[in-house]
Protein chains: 2
Amino acid sequence: MIAVLRIGHRIDRDKRVTTHVALVARAFGADTVFITTKDDKIKKNLLSVCKRFGGNFQVETGVEPKKIIKSWDGIIVHLTMYGENLEKAIQQIDPGRNILIIVGSEKVPPYFYEVADINVSVGNQPHSEVAALALFLDRFTKGKWGKKVFHGNIEIIPCVKGKKVRSKESV
Amino acid sequence: MIAVLRIGHRIDRDKRVTTHVALVARAFGADTVFITTKDDKIKKNLLSVCKRFGGNFQVETGVEPKKIIKSWDGIIVHLTMYGENLEKAIQQIDPGRNILIIVGSEKVPPYFYEVADINVSVGNQPHSEVAALALFLDRFTKGKWGKKVFHGNIEIIPCVKGKKVRSKESV
């Protein structure tokens, strides 16, 4: 199981970035996102995407991060620009175990650095937790997202120009 | 040369996501970001990161997208969930030419789909233009970002726990 724990979400300020974090989690192979702040609106929006585009992605908001962490049966990774080099880190993570990936926003309390089995950086430059999560999941799953089928009501067909959509909703 | 053209930026609503797009562009190997909307604040923030963390990344805001596109000497790629499969698309793009990567926000006018040499999707699921740009640059540059050195005043040293920072600023 792959779960993402989004900490420090501020309802108004972070709604778009947290939505991106959650959608990236879903698209790149995670099973669940936990968002520490209670936010029914973001949950509703995310579940609406899941319903239309398929898959079994779970969304929980208003969770107590320490409770999730303490009861976690598996590896805990924290994504941060201060962490271990991505490629080196991946070699140290057993892909057979459950993994909880902590994704912060601007200021992350030291507790999360300490409690993580490994802090992982996707490059040591400032960029984006959204990109960091996508790259981490890409490397951790060896690019499996590229072949994942979601069996949704809406299916996008790749094309060089324009839009091709198969939709069961309009039938 | 690798340039990113961020279209449809709304100053208040998109400031965080556009900042992520620009920082990802810088961290993953682009030379320039063009942001169509004039936004001095975002430019100032981005240039402050560039100054501290190094590199020669350029930021321009308030550009006319059609002008950039018409005068572009190289390939034009548009990232969209409706586009061609990433791996297939990469094979069609000559890495020796300049590349302009168009990154939209919510609604992208048909013009950009049409004017692009190729529309490229990073998975055909809804997720994030930030993640799409990171993955595209990762594949296009064959992961070169992992070895890029920025020679900044601030340098982060990878570590499994805690933070290690070399700073010329505090000297």
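So the values come out like this:
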{"quantity": "Label 7 Å beyond Cα on the Cβ vector: A:Met1 copy-to-copy distances, nm", "calculated": "5.1"}
{"quantity": "Projected label distance in nm at A:Val115 and B:Ile11, using a 7 Å step from Cα toward the beta-carbon", "calculated": "4.0"}
{"quantity": "Backbone HN-Hα couplings from phi across the range A:107-118 [Karplus 6.51/-1.76/1.60, Hz, Gly and Pro as x]", "calculated": "10, 10, x, x, 3, 6, 5, 6, 7, 5, 5, 8"}
{"quantity": "Fraction of accessible area attributable to carbon and sulfur, the range A:33-130 (%, probe 1.4 Å)", "calculated": "47"}
{"quantity": "Three-way shape call for the protein assembly as shown based on the alpha-carbon gyration tensor, with the a/c threshold at 1.5", "calculated": "oblate"}
{"quantity": "Spin-label proximity, A:Glu87 to the range B:140-162 - amide N less than 17 Å from point 7 Å beyond Cα toward beta carbon", "calculated": "B:140-150, B:158-159"}
{"quantity": "Shielding score for B:17-23, defined as the mean number of other chain Cβ atoms within 10 Å", "calculated": "4"}
{"quantity": "Rounded to whole Hz, the Karplus (6.51, -1.76, 1.60) HN-Hα couplings of the range A:81-90, x for glycine and proline", "calculated": "5, 8, x, 5, 3, 3, 5, 5, 5, 4"}
{"quantity": "Label distances, nm, A:Lys51 versus same residue in remaining copies, Cβ-directed 7 Å point", "calculated": "4.9"}
{"quantity": "Sites B:Glu169 and A:Lys107 - FRET efficiency at Förster radius 22 Å, r taken between beta-carbons, to 0.05", "calculated": "0.70"}
{"quantity": "Inter-probe distance in nm under a simple model that places probes 7 Å from Cα toward Cβ, at A:Leu47 and A:Lys66", "calculated": "2.9"}
{"quantity": "Residue-normalised accessible area of the protein assembly as shown, given per residue in Å² at a 1.4 Å probe", "calculated": "48"}
{"quantity": "For the pair A and B, total buried accessible area rounded to nearest 100 Å², probe 1.4 Å", "calculated": "4400"}
{"quantity": "At least 50 Å² accessible surface lost relative to isolated chain, residues of the range B:131-171 (1.4 Å probe)", "calculated": "B:Leu135, B:Trp145, B:Ile156, B:Pro158, B:Val160, B:Lys161, B:Lys163"}
{"quantity": "Buried on assembly, the range B:73-88 (at least 20 Å² less accessible surface than by itself, 1.4 Å probe)", "calculated": "B:Met81, B:Tyr82, B:Glu84"}
{"quantity": "Gaussian network model of chain A, Cα within-10 Å springs - most flexible of A:Ser71, A:Ser128, A:Ser105", "calculated": "A:Ser71"}
{"quantity": "Karplus-derived HN-Hα couplings along the range A:30-35 (A = 6.51, B = -1.76, C = 1.60, θ = phi - 60°), whole Hz, x at Gly and Pro", "calculated": "6, 9, 8, 10, 9, 10"}
{"quantity": "Share antiparallel - DSSP beta bridges, the range A:29-171, percent rounded to 5", "calculated": "20"}
{"quantity": "Approximate spin-label separation A:Lys161-A:Arg97, in nm, with each point projected 7 Å along Cα-to-Cβ", "calculated": "5.2"}
{"quantity": "Highest-fluctuation residue, B:Lys144, B:Lys43, B:Lys88 considered, GNM on chain B with Cα pairs under 10 Å", "calculated": "B:Lys88"}
{"quantity": "Residue and distance (whole Å) for the chain A Cβ nearest the axis that superposes A on B", "calculated": "A:Val130, 2"}
{"quantity": "Minimum 40 Å² accessible area buried by the other protein chains, the range A:100-117 residues, probe 1.4 Å, relative to alone", "calculated": "A:Tyr113"}
{"quantity": "Using a 7 Å Cα-to-Cβ projection, B:Gly74 label spacings across copies, nm, ascending", "calculated": "4.0"}
{"quantity": "Cut-off under 5 Å, modelled amide H: who pairs with B:Thr80 long-range", "calculated": "B:Val120, B:Ser121, B:Val122"}
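The values are calculated or read from the model by the stated rules, or taken from the named source; none is laboratory data. Just so you know, these numbers come straight off a predicted model, no measurement behind them. Here the Cβ is made from the backbone with ideal geometry for all residues, glycine too, and neighbour counts use every protein chain on show. Only protein heavy atoms, including side chains, enter the accessible area calculation; ligands, DNA and RNA are left aside. Shrake-Rupley method; radii C 1.70, N 1.55, O 1.52, S 1.80 Å.
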